[in-house]
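Enquirer: Once you've had a glance at the structure underneath, I'll fire off some questions.
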Amino acid sequence: MVMRTTLIFDDECVACSALAQLIGARAPDMARVSFYSPRAQILLRRHFPQGWAIRPYLIVGEGENERVVSGAALLFRVARLLGPAGMVKAARALLRRARREKARGGWQGNPTAQMRAYVPASPAEAAAFAGEALLLPAAQPGLGFERILQWYNLHGAFQTASYWTHGIAGTLVLEQVHRPSPPPAVEGVAGEDIALGAGRSARLYATGEPHEGATAALTLIMALPAERWLSLRATGMDRATLLSLARGCAPVAA
């Protein structure tokens, strides 16, 4: 009986796709699925409920005997499967990719080509995918939740954005980064240091001019532990309301 195997790979990466094709030619019974597909996310969440790294995975077996192979163990399997000639082809594909990345300046040179979005069904699901709790505003009158969007790139940057409405015309976007990263720069605008309480500090920016009676757009950047941050971007909302929402942000876990 042939054991069921599923290769999860990044189909946005040309070299990864070429390597997956080489593997498929040697192992036609092996299923190959995109890292970004719902099927891959279900499989990975089963084995990594607190989040997973952006790397190839091999799912071996099924049911109670299902297990995941990655890292050096996966590399050993691939080398044994492809043989010396196949590994030479794989090395050439990786070298071509490295040269292209260098020529175009890596992810910074073409960010949209290497980013894929994921839309979780709930904040709890988003927290599970991020591998840590999300900071979201507490429920209050006039505040309505719309959706959550998550994205990441080949360098491992991973962020979550939640979208909210407030009152008749107010909007709020919370963006949380899940790895050590410098805070976003707000150029040409003087910021105001804000003490939010409970050990939280932030910097507030008015990033637009009032128009037809509406308030200016506001951006609040809150420092988080481990060199991470949370930003709140609001339109149609006054300063006091934004600060109140920021102070009420609480962790939502998986």
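The values are calculated or read from the model by the stated rules, or taken from the named source; none is laboratory data. Predicted model only: the values in this text are computed from it and were never measured. All Cβ positions, even for glycine, are placed from backbone atoms using ideal geometry, and neighbour counts span all protein chains on display. Protein only, heavy atoms only, side chains kept; ligands, DNA and RNA dropped before computing areas. Shrake-Rupley method; radii C 1.70, N 1.55, O 1.52, S 1.80 Å.
Enquirer: List the strands (runs of 3 or more DSSP E) that sit entirely inside segment 155-202 and contain at least 2 residues that are of a type outside the set (Lys, Arg) and open to solvent by 60 Å² or more (accessible area, probe 1.4 Å).
Expert: Counting at least 2 such residues, we get 192-197.
Enquirer: Run LEU81 past the list (1) under 18 Å from the mean Cα position of the chain (by Cα); (2) modelled with pLDDT of 80 or more; (3) open to solvent by 20 Å² or more (accessible area, probe 1.4 Å) and report the number of the one that doesn't hold.
Expert: (1)
Enquirer: If you don't mind, another one. Applying the selection to segment 221-254, what residues are at pLDDT 90 or above and in a helix (DSSP H, G or I)?
Expert: Matches in segment 221-254: ALA240, THR241, LEU242, LEU243, SER244, LEU245, ALA246, ARG247.
Enquirer: Determine whether ALA117 is open to solvent by 50 Å² or more (accessible area, probe 1.4 Å), at pLDDT below 80 and not in a loop (DSSP other than H, G, I, E, B).
Expert: On the way: open to solvent by 50 Å² or more (accessible area, probe 1.4 Å): yes; at pLDDT below 80: yes; not in a loop (DSSP other than H, G, I, E, B): yes.
Taking the combined requirement at face value, the residue satisfies it.
Enquirer: Report the residue count in segment 213-243 for those that are within 20 Å of ALA139 (Cα to Cα) and either touching a strand residue (DSSP E or B) at 6+ places or on another chain (Cβ under 6 Å) or in contact (Cβ under 8 Å) with a residue 40 or more places away in the chain (or both).
Expert: Total meeting the criteria: 13.
Enquirer: Now for a different question. Does VAL33 satisfy the criteria of being under 21 Å from GLU66 (Cβ atoms) and not aromatic (Phe, Trp, Tyr)?
Expert: Criteria met by VAL33.
Enquirer: Which condition number does ARG55 fail, the rest of (1) open to solvent by 70 Å² or more (accessible area, probe 1.4 Å); (2) free of Cβ contacts under 8 Å to residues at least 12 places away in the same chain; (3) within 29 Å of ARG179 (Cα to Cα) being met?
Expert: Single failed check for ARG55: (2).
Enquirer: A further question on this structure: Looking only at residues that are over 16 Å from ARG77 (Cα atoms) and assigned to a helix (DSSP H, G or I) in segment 8-32, which one is most open to solvent (accessible area, probe 1.4 Å)? Lay out the reasoning, then the answer.
Expert: Initial filter on segment 8-32 (over 16 Å from ARG77 (Cα atoms)): 10-15, 17-18.
Next, from what is left, pick out any that are assigned to a helix (DSSP H, G or I): 14-15, 17-18.
Values: VAL14: 95, ALA15: 3, SER17: 28, ALA18: 32 Å².
Result: VAL14.
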